[in-house]
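Take a look at the structure set out below.
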Amino acid sequence: MGVQENGNKYRRMDANGKEEDIALSQSLEQEQGFVKNGSDTKKYVIACAIVASLNSVLLGYDVGVMSGAIIFMKDDLKISEVQQEVLVGILSIISLLGSLAGGKTSDVFGRKWTIGVAAVVFQTGAAIMALAPSFAVLMMGRLLAGVGIGFGVMIAPVYIAEIAPSVARGSLTSFPEIFINLGILLGYISNYAFSGLPPHINWRIMLGVGILPSVFIGLALFVIPESPRWLMMQHRVDEARVVLTKTNESEKEVEERLAEIQVAAGFANAENDEHKAVWREILRPSPAVKRMLITGCGIQCFQQITGIDATVYYSPTIFQGAGIKGNTQLLAATVAVGFTKTIFILVAIFLIDKVGRKPLLYVSTIGMTICLLTLSLTLTFMGNGGLGIGLAILSVCGNVAFFSVGIGPICWVLSSEIFPLRLRAQASALGAVGSRVSSGAVAMSFLSLSRAITVGGTFFIFSLISALSVAFVYTCVPETKGKSLEQIEMLFQTEAEWQGGEVELGDAERLVQEKL
C-alpha cells in the first residue's frame, strides 16, 4: 500500500491498484456528516445500557426484599424452615431455564425483545406472589419470576457488550451489576418502610412493588435499538450501520466496527458456520473455546459460591446471631448493607476501564476472604456483645463492598466479552446457568448448614472458597481492558496468551486472516 501526503489528503492504493483520495480535514468530514456530537453519542449508549439493565433491578429487588418479607411471610402462611430455604433458593435454580432459553431466543428474535420477554414473565410471577393465598401458589409465582430473571441476567450483559464502544465496554457492561445492587437496596428500604403494616399485608406490598420496573422496560423497548451484531448475523447490514452510527462518534469508527463484526459473524465463511452447530462446538470445544468456558463459567460460579447471596438473603439471620434484637433493628441494619453495596459498585464503574479487570479481581477476592474469615471468627467467638455486633456489621459491609468493587460486576463483563460472536449468546447463557445454580445451592442449604455447623462455621467455609477464587483469578483470567472483542478472542488461542493476558495487534490481524 502506498501513501502520499497532499495537503489535507493522502492517496491510497486499493486492492485493484486504483488510487483513491481520503479526506482528512475535519471540515470536510463535518460537511459529509462524519463527525457527530460525542456527548450525544455517549448519552445514547448510556441510555441503552440503562434500559437493558432494568431487568437486573428485578433480580436485586427480589434478593433484597425476600430477606425481610420472609420474616412476615413465614408467620402469615405458616411456612417451615425447609420451605423457607426452598422458597428463597428455588428462584436461582429455576432461573437456569430462562437463561438456557434466553440464549436461543436472543439468537432467533433478537437481544432487545428477549429483554422484553424477561420483563413480562417476571411481572406475571411477581403479581402471583403478591396475591398468593398459600405456599403452593406462592411457589408458582416464584417459579415464573425465576424464569424471567434467568432471561434478564443472561441477555443484558450480552446486549450492552455488543452495542458499546470498546473504550467504555467495561463500565457499561457493569451496569447490570449496578442495578442489581440498586434493586437490593430498594428491597431493603421497602422492607423497612412497610414492616409496620399488618403482617398479612406488608409482605404482599413488598413483593408487589417489584412489578414497577417491568412497566418502564416495556415502554423503553420501543426506543432502544437492536444489537448491531445480531442484525449482522441476520444479514441486515444497513440496519446495523444505522445503529453503529448512533453509538460511535465518527463514520470511520462505524465502518471499522462494521468490518470487524462482518468478519466475526462469519459472512466470509458462512457455509462452514451453517454446518457447525453452536451447542456442538460448546460441548466439544476446541482448546481455545475450552479456555473461554473455564474462564467464563468459572468466574460465574466463584461469584456465587463465595456466599454473597447467603449474606444478602439471610443478613437478618446473621445480625440476629450477632446479638441484634427486634425486626425493625434487623431490617435497619440491612439497609446499611444495601447502601454499602450500591456505593462500591459505583466505584467499580470508574475503575474498571482505568485500572483493569484483573487488578480489581485481586483486590476483590482477597478482601472478601479477609472479611468472611473475620465474620466467621466474630460469630464464633465474640458472643452477643456490642463489639461483636459492630464487627459483624463491619464484616458484612466489607464483604459486600469488596464483592461490588470487583468480582460482582467483572464477572458479567468477562462473560459477555470473551466469547466469539457465534457462541456469545449460548455460552453466556451457560455461564449464567452456572451462576444461578450456584446461587440456588447456597441459598437452599444455608439455614440447614448453619444449624449443623453454626453460622460462623458456614462463613469459614465461604472464606476458604474465596481464597480459592484468588488462585483462579491468577491462573485463568486474562486482562481484557481496552481490547476489542476480536482481540480478546486471540487471548485464548494459546495457554501462554491466556495466562499472560497479552495480545499483539499482529495476532488479531492473523486471526482475521485465518477467518477469511
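The values are calculated or read from the model by the stated rules, or taken from the named source; none is laboratory data. Keep in mind that this is a model prediction, so the values were computed, not measured. All Cβ positions, even for glycine, are placed from backbone atoms using ideal geometry, and neighbour counts span all protein chains on display. What goes into the accessible areas is simple: the full protein's heavy atoms, side chains included, and nothing from ligands, DNA or RNA. Shrake-Rupley method; radii C 1.70, N 1.55, O 1.52, S 1.80 Å.
If we keep just the residues of region 449-498 that are touching a Ser or Thr at 6+ places or on another chain (Cβ under 8 Å), closer than 30 Å to G388 by Cα and β-branched (V, I, T), which is most open to solvent (accessible area, probe 1.4 Å)?
Checking each candidate, the answer is T454.
Condition first: surrounded by fewer than 23 Cβ atoms within 10 Å (Cβ to Cβ) and over 21 Å from S416 (Cβ atoms). Can you find one or more residues in region 303-310 that meet it?
Within region 303-310 (the criterion being surrounded by fewer than 23 Cβ atoms within 10 Å (Cβ to Cβ) and over 21 Å from S416 (Cβ atoms)), the answer is no, since none of the residues qualifies.
Which one is least open to solvent (accessible area, probe 1.4 Å), of the residues in region 341-371 that are aromatic (F, W, Y) and over 16 Å from the mean Cα position of the chain (by Cα)?
Y362
Report those helices (runs of 4 or more DSSP H) wholly inside region 71-182 carrying at least 1 residues which are among the hydroxyl-bearing types (S, T, Y) and within 29 Å of F344 (Cβ to Cβ).
Result: 81-109, 135-163, 169-173.
Identify the residue in region 132-177 that is touching a Lys or Arg at 6+ places or on another chain (Cβ under 7 Å) and among the aliphatic types (A, V, I, L, M) and, among all such residues, is surrounded by the fewest Cβ atoms within 10 Å (Cβ to Cβ).
Ranking the candidates gives A161 first.
Answer yes or no: is there a residue in region 193-213 that is modelled with pLDDT under 85, aliphatic (A, V, I, L, M), outside any loop (DSSP other than H, G, I, E, B) and over 30 Å from A259 (Cα atoms).
yes
Tell me which of these E177 doesn't satisfy, since it passes every other one: (1) under 23 Å from the mean Cα position of the chain (by Cα); (2) closer than 25 Å to L144 by Cβ; (3) at pLDDT 85 or above.
(3)
Considering only region 181-195, state which residues are open to solvent by 20 Å² or more (accessible area, probe 1.4 Å) and touching a residue at least 12 places away in the same chain (Cβ under 8 Å).
L182, L186, I189, Y192, F194, S195, listed by residue number.
Do the conditions hold for S439, that is, is it out of contact with any Phe, Trp or Tyr (no Cβ under 7 Å at 6 or more places or on another chain), crowded, with 20+ Cβ neighbours inside 10 Å and within 27 Å of M233 (Cα to Cα)?
no
Please determine, by comparing only the residues of region 274-289 that are loosely packed, with under 13 Cβ neighbours inside 10 Å and either in a loop (DSSP other than H, G, I, E, B) or more than 24 Å from the chain's Cα centre (by Cα) (or both), which one is modelled with the lowest pLDDT.
It comes out as H275.
Would you check if G321 is open to solvent by less than 10 Å² (accessible area, probe 1.4 Å), touching a helix residue (DSSP H, G or I) at 6+ places or on another chain (Cβ under 9 Å) and in a helix (DSSP H, G or I)?
No, not satisfied.
Could you list, in sequence order, the residues of region 290-313 that are modelled with pLDDT of 90 or more, in a helix (DSSP H, G or I) and of a type in the set (S, T, Y)?
Once the filter is applied, which keeps residues that are modelled with pLDDT of 90 or more, in a helix (DSSP H, G or I) and of a type in the set (S, T, Y), region 290-313 yields only T295.
Which numbered condition trips up L77, out of (1) closer than 22 Å to E417 by Cβ; (2) open to solvent by 10 Å² or more (accessible area, probe 1.4 Å)?
L77 satisfies every listed condition except (1).
Return yes when T114 is under 24 Å from G440 (Cα atoms), of a type in the set (S, T, Y) and buried (at least 22 other Cβ atoms within 10 Å of the Cβ) and no when it is not.
yes
How many of the residues making up region 116-131 are over 19 Å from S99 (Cα atoms) and without any contact (Cβ under 8 Å) to a residue 60 or more places away in the chain?
Of the residues in that region, 1 qualify.
A quick yes/no check of all residues on (1) under 30 Å from Q329 (Cα atoms); (2) under 13 Å from the mean Cα position of the chain (by Cα); (3) of a type in the set (S, T, Y); (4) at pLDDT below 90:
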{"residue": "V396", "(1), (2), (3), (4)": "yes, no, no, no"}
{"residue": "N399", "(1), (2), (3), (4)": "yes, no, no, no"}
{"residue": "C411", "(1), (2), (3), (4)": "no, yes, no, yes"}
{"residue": "S416", "(1), (2), (3), (4)": "no, yes, yes, yes"}
{"residue": "S428", "(1), (2), (3), (4)": "no, yes, yes, yes"}
{"residue": "A432", "(1), (2), (3), (4)": "no, yes, no, yes"}
{"residue": "V437", "(1), (2), (3), (4)": "no, no, no, yes"}
{"residue": "S463", "(1), (2), (3), (4)": "yes, no, yes, no"}
{"residue": "S469", "(1), (2), (3), (4)": "no, no, yes, no"}
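Let me confirm something: among I128, I79, which residue is at pLDDT 90 or above and touching a Leu at 6+ places or on another chain (Cβ under 8 Å)?
Matching residue, one of I128, I79: I128.
Contact list please: Cβ distance under 8 Å, first residue in region 87-107 and open to solvent by 10 Å² or more (accessible area, probe 1.4 Å), second residue among the polar types (S, T, N, Q), pairs at least six apart or on different chains.
Sorted first by the residue in region 87-107, then by its partner, the pairs are K104/Q426; T105/T114; D107/Q426.
Taking only region 59-74 into account, find how many residues are crowded, with 24+ Cβ neighbours inside 10 Å and of a type in the set (V, I, T).
So the count comes out to 2.
Between S404, S438, S415, which is closer than 30 Å to L231 by Cα, among the hydroxyl-bearing types (S, T, Y) and part of a helix (DSSP H, G or I)?
That would be S415, the only listed residue that is closer than 30 Å to L231 by Cα, among the hydroxyl-bearing types (S, T, Y) and part of a helix (DSSP H, G or I).
Are any residues in region 443-468 small (G, A, S) and closer than 23 Å to L361 by Cα, and if so, which ones?
Across region 443-468, the qualifying residues are S463, S466, A467.
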